[in-house]
1. According to a simple spin-label model (label point 7 Å from Cα along Cα-to-Cβ), what is the distance in nm between residue 39 and residue 19?
2. Taking neighbour Cβ counts within 10 Å as the exposure measure, how do 57, 99 sort from fewest upward?
3. If we count other beta carbons within 10 Å of each Cβ, what is the order of 33, 74, 122, 112, fewest first?
4. Which of these, 121, 80, 31, has the largest mean-square fluctuation under a Gaussian network model of the chain (Cα springs below 10 Å)?
5. Which residue, 98, 58, 86, tops the fluctuation ranking in a GNM of the chain built on C-alpha contacts under 10 Å?
6. So how do 60, 51 line up by other beta-carbon neighbours within 10 Å, fewest first?
7. Sort out for me the Cα centre separation of segment 32-84 from segment 5-22, rounded to whole Å.
8. Say each of residue 92 and residue 124 gets a label point 7 Å from the Cα, pointing the same way as Cα to Cβ; how far apart are those two points in nm?
């Protein structure tokens with residue numbers, strides 16, 4: 001039996017994480033908030049017409065759920081794969097996989113729930129690759 005206890009993190013007590021381009025992230029389950037050692041959960045928001053920087057995560061895989069909005073999920077070494085995404089879609093991102101979420105809506109946020117299998121991610125930004133007109 002574990003000596004650890006469950007924790008409820010109120011929505012107004014999330015951890016503000018480092019932004020990636022125009023994308024903001026608020027963690028609800030993180031090492032700092034909960035002491036988690038193998039999981040991380042956050043809400044990422046991309047404003048209308050904007051995108052994150054192109055990046056990849058060196059130490060984790062990610063699972064993403066599109067809560068609301070619509071856009072494109074660019075991926076591949078040169079972002080050659082372009083998938084339309086909309087509310088209800090799930091996205092899997094393996095470690096070291098280059099990607100960039102883009103909000104194609106003119107008036108609605110793209111809201112993503114992001115889960116990772118590490119409490120702290122290591123991110124490599126690729127500022128010279130991908131869409132830069134929306135960062």
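Please treat every number below as a calculation from the coordinates, not as lab data. Since we're looking at a predicted model, the values are computed, not measured. Because the Cβ atoms are built from the backbone with ideal geometry, glycine has one as well, and the counts that use them run over all protein chains shown.
1. According to this spin-label approximation, the distance is 3.0 nm.
2. Values: 57 19, 99 22.
By the 10 Å Cβ count, ascending: 57, 99.
3. Details: 33 17, 74 22, 122 11, 112 26.
Fewest to most other Cβ atoms nearby, the residues stand as 122, 33, 74, 112.
4. 80
5. 58
6. In order of increasing Cβ crowding within 10 Å: 60, 51.
7. Answer, in whole Å: 15.
8. Here the modelled spin labels are 2.2 nm apart.
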